[in-house]
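What follows is a set of notes on a single structure, which appears directly below.
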Ligand code: GLN
């Protein structure tokens, strides 16, 4: 009997409106690394008005302008119950910047509009007086040093019951004040880091893939991937000025 191939369905949220500073690279990285791990990945792009797919193993979302966030807000509320259900069933998700903010309670923009979020993270975001821009590195217990690039007006404050993704070692992170960056709830990761994030942080990409495969097949043995280029990219990114 021939062995069934391992498969993985990636759902990308709002690529038409929420996808900046290379965020699409996160999806490309998952597809590529899945292939190296012997898994066939399928990509579903979900945009405003689409019907939400019956099944998704990993969900990825990116950043956007305030205008992009305003465009997706209503649709996001519509799919919120499904996203909550998936998050509570330990579906791995990665939400960058604009969608990270909307996975919290709300984002209050500089113009004073309040864009409601879906409260998967107990956190809220208020636009600050200046944009927080530049290369950033953080230290995380689970993933080691996380390296990326941030560009946001929003300052995010986590409730005390929430766990940050990392501690800022260089840059601003959630709000430029408390040294926290991102948030992690079950297998849902929120972060301000673009860059793209995953090519330079393969530990996070592999963790998302591994969790998805464990959920789907019970267990999973990853391949050891030779990450010479990713390590080189990390080294160079660390030396770049803020
Ligand atoms: N518009 C949001 C802000 O300025 C998100 C920015 C982003 O996704 N890069 O904070």
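Details
- Among the numbered conditions (1) surrounded by 20 or more Cβ atoms within 10 Å (Cβ to Cβ); (2) without any contact (Cβ under 8 Å) to a residue 40 or more places away in the chain; (3) within 26 Å of residue 215 (Cβ to Cβ); (4) more than 12 Å from the ligand (Cβ to nearest atom), the only one that residue 56 does not meet is (2).
- Residue pairs meeting the criteria (Cβ under 6 Å; at least 6 apart or on separate chains; first within 18 Å of residue 193 (Cα to Cα) and outside any helix (DSSP H, G or I), in the stretch 64-76; second at pLDDT 95 or above and near the ligand (Cβ under 6 Å from one of its atoms)): 64/98
- Test: residue 104 is part of a loop (DSSP other than H, G, I, E, B), touching a residue at least 24 places away in the same chain (Cβ under 8 Å), near the ligand (Cβ under 10 Å from one of its atoms) and within 17 Å of the chain's Cα centre (by Cα): no
- Answer from 69, 74 - the residue that is surrounded by 20 or more Cβ atoms within 10 Å (Cβ to Cβ) and more than 24 Å from residue 204 (Cα to Cα): 69
- One residue stands out among those in the stretch 146-171 that are over 11 Å from residue 193 (Cβ atoms) and within 13 Å of the ligand (Cβ to nearest atom): the one that is surrounded by the fewest Cβ atoms within 10 Å (Cβ to Cβ), which is 153.
- Residue 215 falls short on exactly one of the conditions (1) away from the ligand (no atom under 16 Å from the Cβ); (2) at pLDDT 95 or above; (3) in contact with a helix residue (DSSP H, G or I) (Cβ under 7 Å, 6 or more places away or on another chain), and that condition is (3).
- Pairs with Cβ under 7 Å, 6+ apart, first in the stretch 225-242 and closer than 15 Å to residue 150 by Cα, second assigned to a helix (DSSP H, G or I): 237/200
The values are calculated or read from the model by the stated rules, or taken from the named source; none is laboratory data. Keep in mind that this is a model prediction, so the values were computed, not measured. Please note: Cβ atoms are built from the backbone with ideal geometry, for glycine as well, and neighbour counts cover all protein chains shown.
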